[in-house]
Amino acid sequence: MKNIFLKKEQSVTFTGHRFIPYGKLSMLKVALKSIILELYAKGYNNYYCGMAMGFDLLSAEVVLSLKAEYKELRLIAVVPYRNQDERFSFADKKRYQLILSRADETILLCENYHQGCLLRRNDYMLAHSSQVIAYFDGENKGGTFYTCRNAQAKDLPVTNLF
């Protein structure tokens, strides 16, 4: 994929839980589309996705669904380690591979899994963004908590769609 120059002030990070209740999926897609278009109108073109199951893959699919009409939208897949999808279900592996094939850029941070690599992925995305779109239940644990807490410490606005 081509290497594109991305401005932090035009970039947004997604962070969220891996499990989304089925009954909330359609409302969440609508909310994602709405906030992405609102931010796009303000000049936010670049969307960083950590490519985890759940909210990450859903967010990436929403960005990709909007790209035909909104040509400046860019999806940047930030992969914490090669074969990140090794424990995904068959269906999620297919979604993951399709998203990777359609992303504007893929950034591979590590060859192999190691403890902490998922948090380093989140740090990378925050370092390159000026906004966060989250699906966070408020529990003080896990990667989504870590990312939202660090975004707030950096004074990055966090829009929580939970």
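Please treat every number below as a calculation from the coordinates, not as lab data. Everything numeric here is computed off the predicted structure, so don't read it as measured data. Virtual Cβ from ideal backbone geometry, glycine too; neighbours counted across all protein chains shown.
Here is the list for the stretch 37-83: trypsin sites (Lys or Arg not before Pro) lying in DSSP coil, each with at most 13 other C-beta atoms within 10 angstrom of its C-beta, are LYS42, LYS71, ARG82. Under a 5 Å amide H cut-off, with hydrogens placed 1.01 Å from N, ASN160 pairs with ALA134 among residues at least 5 apart or on other chains.
Here the relative contact order of the stretch 1-86, from alpha carbon pairs under 8 Å that lie six or more residues apart, stands at 33 percent. By other beta-carbon atoms within 10 Å, ranking CYS110, CYS148, CYS49 with the fewest at the front produces CYS110, CYS148, CYS49. Applied to the stretch 44-54, the Karplus parametrisation 6.51 cos²θ - 1.76 cosθ + 1.60 on θ = phi - 60° returns per-residue 3J(HN,Hα) values of 8, 9, 10, 10, 8, 10, x, 6, 7, 4, x Hz, with x for Gly and Pro.
The distance from the alpha carbon centre of the stretch 131-162 to that of the stretch 3-50 is 13 Å, rounded to a whole number. Let a ≥ b ≥ c be the square roots of the eigenvalues of the Cα gyration tensor of the stretch 66-132; is it rounded (a/c under 1.5), or, if not, prolate (a/b larger than b/c) or oblate? Note, shape of the stretch 66-132 comes out oblate. Taking the stretch 16-160 as the region of interest, the number of lysine pairs whose Cα atoms are within less than 23 Å, with members eight or more places apart or on different chains, is 19. Residues whose amide H comes within less than 5 Å of that of ILE107, counting only those at least five positions distant or on another chain, are ALA77, VAL78, VAL79 (H built at 1.01 Å from N in the peptide plane).
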